[in-house]
Every structure is written in structure tokens, then in C-alpha cells.
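Only one structure is covered here, and it is reproduced in the block below.
The values are calculated or read from the model by the stated rules, or taken from the named source; none is laboratory data. Note that the structure is a prediction, hence the values are computed from the model and not measured. Neighbour counts are summed over all protein chains in view; Cβ atoms, including those assigned to glycine, are modelled from backbone coordinates with ideal geometry. Surface areas here come from the heavy atoms of the whole protein model, side chains and all, with no ligands, DNA or RNA. Shrake-Rupley method; radii C 1.70, N 1.55, O 1.52, S 1.80 Å.
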Amino acid sequence: MTGSVTEFQNEYDWVDALGDFFASPPADVPSEVLDAFAVIQTRGRVLPPRIFYEAVEQSSIAISITDSKASILYANQAFQNLTGYCSDELRGKNESILSYKATPKTVYRELWSTILSGKAWNGILVNKRKDGSRYLAEVTVAPVLCDRTESHYFLGMHRDVTALHNLKNKVYNQKELIESVVDYAPMAIALLDMQAKVVLDNRAYKTLMADLGGREPAELILQSVSGIIGEDFETACAREYGFEHQEVMLEQEPGQEPRWFSCSASWIKEFDLRAESYFESDRQSGLLLVANEITRQKQEQEQARINAVQALMMEQSTTQNMQETLSGAIFQMQGPLNMIEAAAAMLKRQEPAQEHLYGILNQALDAGHQALQTLRASMPSEVSEATGPVNMNDVVRDVLNVMAKRLLAEGVVVDCRPAKTLPSITGQAGKLRSLVKYLLDNALDALREPGDWQREFMLTTKNDNNERVELWVQDRGPGLVTGLRFNVFEPFFSNWNSRRGHSGMGLTMAQQIAVEYGGEVDVDTEYRNGCRVKVSIPVDGGKL
Ligand code: FAD
């Protein structure tokens, strides 16, 4: 080989010259030499072996090269740093120097069968360092196929993933813990995505869904609170509207009592797991919905309220009984007094004057008027009650609850048909309850009449154009005699065959209350299937 020594102008010139040399090597250069100094050529440039060596040596991954029996020929600096062995201690030793007994033999067997078949193996091994400490190694072992068919060397790359594994386990343990806490929590919990779809739920939620006949509880709850978060879920997402302790009633299957829940919802931010979102700070939202059942508390509250209503109604009933009795007595006295007054007036005009008799009648009249005044004065005043918005459906429900025991004892079935939406009447709930009770007492009395009556009441409330509220009370008793439409409102009028226990004041008192509210009570005397009474009251309670 002949040639002259070349002066290189810059650091790349010799690389280029090397490239030229290997591009068309002189014919007498042995192929072993060419192999030994083989370089990578890219676009006319060459990468000398030293660059490859330095790249491997300085890599942060532990890299080793072994012979076909895994005997270490080379280990880079990162390998030495990680294992604690220096280069001399490693050279000639089997990679098994790192092996720790916790790795199952089957794993090594799989490693070897893979690499011996010419493929790369990836997996986790438990390695031990020179000082005996263990670490989890994420290992890649690949055969280096020099002539592309047979492997004389293996390349090993591994890194310590103990911390990552611990973190993974920690996250997993926490996830398991949270999931089991959430799963066994007594309240129904669901996580909704931005499309209001349930993506995670717990046992209580699933049970509730089954109780609701497969209807999605989250959907029903969100419908109930649409007044707070709005109808449009997308807008609610964008504005992150939440709510706290909203009481929501969920209807169950027909015939089952509705259930009450205290519901809260808050927006939580989740990391977007897509690779393209790595550098974005925006996180996806999810709505965490928690529904805590409060049916028992509600029932207790309701019972307490019914007890209070019952006590109030009893007090009102005592007052009303006295008022009825006194009104009756006043009414009864008014007739004879009118007659005496008429007789006295006639006597006064008679000739010869009947002074003596006239005086006696006048005295009787005075005494009568005085007695009437005494009766009026002893009329008990009504139980005072605040005026406010009253819902007739609530009134009917309260009266039925208070009368429940009696109705049950009498074997009466009540078919209650409340209007779905009913405007409130401005008035006093107690008075309106009395009105309903008078009508129901009458209906019960009707069923006690001799005969085989169907023991059924029907109570219907209707919304008359948002201006008036109607209540229809219907029984299947003997009904009213045709032509008595107006008489039934007279005090002490009774349609019953047996007058026992009937004061005949029920309809009178009911009408008195209705009239007080600018309304009326009407009896359908043409109705042949029992008795049907209609109450109609303006929503303003007759005050506008
Ligand atoms: P061994 O008896 O050495 O091996 C267990 C089983 O592996 C045997 O029953 C046999 O089925 C199979 N086996 C072993 N040697 C051969 C072979 N030459 N030909 C065919 N099958 C064989 N091990 C580690 O624990 N940690 C490492 O980081 C690691 N890195 C490696 C890197 C490279 C490049 C290579 C080639 C191997 C590496 N090994 C590593 C595997 C290592 O060589 C041992 O096989 C392993 O450590 C088990 O050692 P042992 O003494 O417990 O059992």
C-alpha cells in the first residue's frame, strides 16, 4: 500500500477522507481489515466506530454486550454505575451475576428461547447489585446478527424501574382502596363525562338503578335540578355549574313509595391521557354526582308535620263544633223570635189596644234578643293562622293522612287524582283543610246509611286556567234526592234517613269557607252514582 500523508484542514476532513477510502478501497486491503474498520456511510459522510463506542459508553441506559453464552464482553458506564461492579469485575462474567432468586426460572427460559430464535426479549427481572441490594430491571436482550443469520453476540439494555414500579403499585393500591371505599359507600355515586354519560358508578348506584326499573338515576336527578344547572348539559359543563344538598324525589315502580335523596354534584378535572395532550394544561371535566338517601328522615319529618296538622285540626274541629252548635242554636232561635216580633207588630195595630199582651211579647222579644247576643258573644274565635300560598293537593293529602285511620277502619278506598300542577291559593291551610274534611265527613256519613254502597271515594283536583282551583269529592253512597240542590246548604238540613250523629251543618260550613275565599261549593244533584260535590276557589282567595 503506497501513498502520501495528507494534511487535514478541519476536523471533518479526515472523516471525509476515510469515507472516500472505504467507498473504493484499494484491491490489496484484506477484507478482515475492512470489516474491523467498517464505518457507516450516510449521504456521503461516514460515522467512525469511535462515535458508536462513545454513544454507547455515554448512554444513560445500562448497556452490555455478551458472547453467545451471556458472558460479558463489554459493559458501559451506566451499567457499572447501576450494578456497582467495575468494568474489570464484569468482563468474562455471566450476566447471571446480576440474577436474584426472586425471578422465576420460567422467565429466564422464555428469555433464552426468544433470543436463541433470533428475536429480541423484553421483560422485567429482579437484579441484585454488587452490594446485594435488589432492583427491578426493565431488560431488553437482543441477538446481534452479524451476518444477519447467526448470532454470536447479545446486546443487553436495562434500566432500574424500581421507583416507577413502586409508584405504579402505590397508585394501584390507592385506586383499589378508593374504589372499594366508593363501591361500598352507602350513597349512590356516579361520574359523568361531558356527554352526561355515566363512566363510573358504585354498587349503591347500580342498586338504585335496578330499583328504578333500569332508569338512569343520574338522568332523573339532573332533570330534577335543571332549574339550577340548566336544561343544556353542555353549557353546564362549560360553566361548571354544580349544586349541593338538593333534595330530589325519585318515583319508583307504580305502587311503591317515592324515595328522597340529598344530591350534590361537583366538577372534577381529569388528565387527558392522549399523547398529543401531554403539553396541554387543559384538563377534561367530569361531573361527580353523589346521592344520599334521606327517605327515612323525610318520612319522619312528614310524620311530625302530619302530627302537627292533626293537632291543629283537632283544635280547629273543637272550635268549629262549638261554632256549629252555637250557630245552630242562633238559627233555631231566630225563627221563633221573628214570629214573636210579627205577633207583637200585629197586636200593636189591633183595636182595642192589647197593651198588656203587647208588653209581654216585647219582654219576651227583648229576652230572646239578649239570649241571642249572649250566644253570639260566646261564639269561640277561630284558631289564628297566617295567610299564605296553599296548595290544594297538599291540603287534600294532609286531610287524607289525618283521616287515614278512620278511612281504613271504615274500609273505604280512596282514589286520589291530584292535578300535576296546581296554582297555589292565597289563604289559610287550616281553613281549607276544614273545608275538605267537612266534605269527607259527609261522604263517610253517606256510606253509613242503610244500603250496600261501594266503599270508594274519589278526590280530584283540577287547574281551571290557572285562575281557579277545583276540588271534586265523589262518593258511591245513596246520593242526593233530585231537587234538593239548594236545600242541602241550609243549616241543619239532612238528607239522611238516620239523623243520628249528623248535625246537618257540614255543607253549610264548607260553603261558608268557600264563600270567604270568593269561591263556591256546588252539589251535582243529577249525579246518580252517589254524590258529587264540586268546590271552586279563585287562586287569589277572593282578595283581588
Ligand atoms: P441459568 O442456569 O444461568 O439459567 C436459567 C435458565 O436459562 C436455564 O435453565 C436455561 O433454560 C436458560 N439458559 C441459561 N443460559 C443459557 C444458554 N446459554 N443457552 C440457552 N439457555 C440458557 N439475567 C439476569 O438475571 N439479569 C440480567 O440483567 C440479565 N441480562 C442479560 C443480558 C444478556 C445480553 C443475556 C444474553 C442474558 C442476560 N441475563 C440476565 C440472563 C442470564 O444470562 C441468566 O440466564 C440468568 O441470569 C439466570 O441465571 P441462573 O444462574 O439463575 O440460571
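Quick one: in the range 203-236, which of the residues that are of a type in the set (Val, Ile, Thr) and under 14 Å from residue 263 (Cα atoms) is surrounded by the most Cβ atoms within 10 Å (Cβ to Cβ)?
221
Give me the pairs, please: first residue somewhere in the range 516-535 and at positive phi, second residue anywhere and crowded, with 22+ Cβ neighbours inside 10 Å, beta-carbon distance under 6 Å, and either six or more positions apart or on two chains.
530/475; 530/477
For (1) within 8 Å of the ligand (Cβ to nearest atom); (2) over 21 Å from residue 152 (Cβ atoms); (3) touching a residue at least 12 places away in the same chain (Cβ under 8 Å), each residue gets a yes or a no:
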| position | (1), (2), (3) |
| --- | --- |
| 54 | no, yes, no |
| 71 | no, no, yes |
| 84 | no, yes, yes |
| 90 | no, no, yes |
| 95 | yes, no, yes |
| 106 | no, yes, no |
| 115 | yes, no, yes |
| 126 | yes, yes, yes |
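Residue-wise test of (1) among the basic types (Lys, Arg); (2) under 27 Å from residue 315 (Cβ atoms); (3) open to solvent by 40 Å² or more (accessible area, probe 1.4 Å).
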{"residue": "429", "(1), (2), (3)": "no, yes, no"}
{"residue": "435", "(1), (2), (3)": "no, yes, no"}
{"residue": "438", "(1), (2), (3)": "no, yes, no"}
{"residue": "450", "(1), (2), (3)": "no, no, yes"}
{"residue": "455", "(1), (2), (3)": "yes, no, yes"}
{"residue": "461", "(1), (2), (3)": "no, yes, no"}
{"residue": "465", "(1), (2), (3)": "no, no, yes"}
{"residue": "471", "(1), (2), (3)": "no, yes, no"}
{"residue": "474", "(1), (2), (3)": "no, no, no"}
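Working only within the range 342-391, note down all residues that are open to solvent by less than 90 Å² (accessible area, probe 1.4 Å) and among the charged types (D, E, K, R).
385 - this is the single residue of the range 342-391 that is open to solvent by less than 90 Å² (accessible area, probe 1.4 Å) and among the charged types (D, E, K, R).
Conditions tested, residue by residue: (1) acidic (Asp, Glu); (2) in contact (Cβ under 8 Å) with a residue 60 or more places away in the chain.
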site: 260; (1), (2): no, no
site: 264; (1), (2): no, no
site: 278; (1), (2): no, no
site: 300; (1), (2): yes, no
site: 304; (1), (2): no, no
site: 324; (1), (2): yes, yes
site: 353; (1), (2): no, no
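If I go through the range 156-187 residue by residue, how many of them are open to solvent by 100 Å² or more (accessible area, probe 1.4 Å) and either within 16 Å of the ligand (Cβ to nearest atom) or touching a helix residue (DSSP H, G or I) at 6+ places or on another chain (Cβ under 9 Å) (or both)?
Residues meeting the conditions: 3.
Among what's in the range 56-67 and is open to solvent by 50 Å² or more (accessible area, probe 1.4 Å) and under 23 Å from residue 145 (Cβ atoms), pick the residue that is farthest from the ligand (Cβ to nearest atom).
If we take residues in the range 56-67 being open to solvent by 50 Å² or more (accessible area, probe 1.4 Å) and under 23 Å from residue 145 (Cβ atoms), then 61 is farthest from the ligand (Cβ to nearest atom).
Do we have any residue at all in the range 251-258 that's touching a His at 6+ places or on another chain (Cβ under 7 Å) and either under 30 Å from residue 398 (Cα atoms) or open to solvent by less than 30 Å² (accessible area, probe 1.4 Å) (or both)?
No, the conditions are met nowhere in the range 251-258.
Which one of these is closer than 30 Å to residue 440 by Cα, among the hydroxyl-bearing types (Ser, Thr, Tyr) and touching a Pro at 6+ places or on another chain (Cβ under 8 Å): 325, 319?
After ruling out the rest, the residue left standing is 319.
Assess whether residue 392 counts as being touching a strand residue (DSSP E or B) at 6+ places or on another chain (Cβ under 8 Å), under 24 Å from residue 440 (Cα atoms) and hydrophobic (A, V, I, L, M, F, W, C).
yes
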